[in-house]
Amino acid sequence: MLRLLAKLFKALNSETGAWALAFAFMLGMIMGFTPLWRVHNLVILLIALLFRVNLSAFILSFLVCSGLAFALDPLFHQWGVAVLSAETWQPLWQSLYSSAAWRVVQFHHSITMGSMLFSLALAPLLLVVSYWLVKQYRQRIQARVNQLRVVQLLKASKFWSLYESLRG
């Protein structure tokens, strides 16, 4: 875990693009909120690897959102049931369920559908907010953080030596 945090701080303090970090947070959020063993998560992982987003930010976002997903599962279930049981959408769901591909992607499960809708609704907001936060950290907070006594104590610890070894 220390190694993951060290890599994330390295990315925040480096010239890594703010959009790359923001996309990593967004993709990790989508993968974290939705059930893990689904086909769409393989696609998200493939996108993260192909477009070379920061994997430390991706993994950290995935871990945090996976933890939050347990608390949000009742909400995901409600959204999924509402969408899947909507009377006007029934012909669409029935035709999709009759295809093998739809059954493989498992969007007919209420938590999968609800968590995907929640993630897609939250994704643009998280993308913009995380981009803004990375920019604000680099412009305003980074210099102040380095002057804090806690950070100076941290620099004397094993964490900092691990961080420095990753820098080189």
Worksheet, complete the sentence: Summing -39500 (n - 2.57) over every DSSP H run of at least 4 residues in the chain and dividing by its residue count gives a helix-only mean residue ellipticity at 222 nm, to the nearest 500 deg cm²/dmol, of -25500 deg cm²/dmol
Item to complete: Label the range 1-139 by shape, choosing from rounded, prolate and oblate, from the square roots a ≥ b ≥ c of the eigenvalues of the Cα gyration tensor; if a/c is under 1.5 it is rounded, and otherwise prolate applies when a/b is larger than b/c, oblate when it is not.
Response: prolate
Discussion item. For a protection proxy built on the mean count of beta-carbon atoms within 10 angstrom, sort 140-149, 67-76 highest first, please.
Written reply: 67-76, 140-149
Discussion item. What FRET efficiency comes out for Ala100 versus Leu4 if R0 is 25 angstrom and r is the Cβ-Cβ distance? Round to the nearest 0.05.
Written reply: 0.05
Worksheet item: When the dipole is taken about the Cα centre of the chain, and only Lys, Arg (+1) and Asp, Glu (-1) are charged at their Cβ, what size is it in debye, to the nearest 20?
Response: 920 debye
Discussion item. What are the ³J(HN,Hα) couplings of the range 32-44, residue after residue, when phi is run through the Karplus curve with 6.51, -1.76, 1.60 and θ = phi - 60°? Round to Hz, x for glycine and proline.
Written reply: x, 6, 8, x, 5, 8, 10, 5, 5, 5, 5, 5, 5
Worksheet entry | Karplus 3J(HN,Hα) series, Hz, for the range 83-92 with 6.51 cos²θ - 1.76 cosθ + 1.60 (x for Gly, Pro) | 6, 6, 9, 4, 4, 5, 8, 4, x, 5
Worksheet item: Using a ≥ b ≥ c from the Cα gyration tensor of the range 67-146 (square roots of the eigenvalues), is it rounded, prolate or oblate, where a/c under 1.5 gives rounded and otherwise the larger of a/b and b/c decides, a/b for prolate?
Response: prolate
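All of the numbers you see were taken from the coordinates with simple rules; none came from a lab. Just so we're clear, the structure is a prediction, and the values are computed from it rather than from any experiment. All Cβ positions, glycine included, derive from the backbone under ideal geometry; neighbour counts span all protein chains shown.
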